[in-house]
Amino acid sequence: MSIWVWVVVAVVLVGLYLSWTAGRLDRLHARIDAAKAALDAQLLRRSSTTLELATSTLLDPAASIVLYQAAHGARTAAEEGREVAESDLSQALRAVFGTPAQVDELRALVGGEEIVADLTAAVRRVPMARRFHNDSVRAARAVRRHRLVRMLRLAGHAPFPMAFEMDDEPPSALAPA
């Protein structure tokens with residue numbers, strides 16, 4: 001009779017472990033969704049601020065066109081091409097704001113200080129949001145790779161989480177000091 005007690009205890013413990021793992025996986029997927037929404041918001045803020053700057057009369061026409069095309073491309077990119085479009089925007093920002101002198105010239109103009117502050121904040125928040133998203137993806141992938149999780153399909157029909165890989169290096173003139 002005592003062997004049946006141990007079997008029941010073992011089954012209950014395995015059931016509790018599986019339930020805990022499924023709950024953890026569900027929380028990780030919810031965290032990925034929240035991090036993806038935060039990343040989308042920061043990317044949208046960066047492209048909106050860049051569009052605002054490009055359509056103002058503060059920059060020379062060539063820089064305005066470069067920034068406008070890159071920001072518009074980032075805002076209208078399809079999901080499968082979004083990483084490339086956002087990387088293009090990062091490269092355009094680095095091309096236009098490569099030196100502190102260019103930023104200082106923009107700050108000296110009327111309304112320039114405010115737009116530089118907005119752009120600097122937007123550019124600085126993108127890498128943090130992307131890092132948070134990719135850390136969440138990495139944690140969920142680690143749990144989903146466990147043999148029991150795969151065999152018992154504890155992830156259900158949730159798609160395998162994908163990291164968001166892009167060039168998010170800020171322009172040197174807007175980088176943190």
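Values as computed for the structure displayed
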quantity	calculated
Exposure proxy order (Cβ contacts within 10 Å, fewest to most) of 168, 118, 40	40, 118, 168
Folded to 0 to 90 degrees: helix 112-144 orientation relative to the chain principal axis, Cα	20 degrees
Residue 37-residue 7 pseudo-label distance in nm [points 7 Å out on the Cα-to-Cβ vector]	4.7 nm
Spacing of the two label points (7 Å from each Cα toward its C-beta) at residue 107 and residue 78, in nm	4.3 nm
Percent of C-alpha pairs per 5 Å bin, the range 22-151, short to long	2, 11, 17, 19, 15, 11, 8, 6, 5, 3, 2, 1, 0
Residues 32, 3 arranged by fewest to most Cβ contacts within 10 Å	3, 32
Centroid-to-centroid separation of the range 132-177 and the range 21-60 [C-alpha atoms, Å]	15 Å
Computed [θ] at 222 nm, helices only, for the chain once each DSSP H run of length n ≥ 4 contributes -39500 (n - 2.57)	-26000 deg cm²/dmol
Ascending count of other beta-carbon atoms within 10 Å, so fewest first, for 146, 72, 133	146, 72, 133
Highest-fluctuation residue, 19, 87, 47 considered, GNM on the chain with Cα pairs under 10 Å	19
J(HN,Hα) series, the range 26-41, from Karplus relation 6.51 cos²θ - 1.76 cosθ + 1.60, nearest Hz, glycine and proline x	5, 5, 5, 5, 5, 5, 5, 4, 5, 5, 5, 5, 5, 5, 4, 5
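Readers should treat all values here as calculations from the given coordinates under stated rules, not as data from a laboratory. This one's a predicted model, so the numbers in the text were calculated from it and none came from an experiment. Quick reminder, even Gly has a Cβ in these numbers, built from the backbone with ideal geometry, and neighbours come from all protein chains shown.
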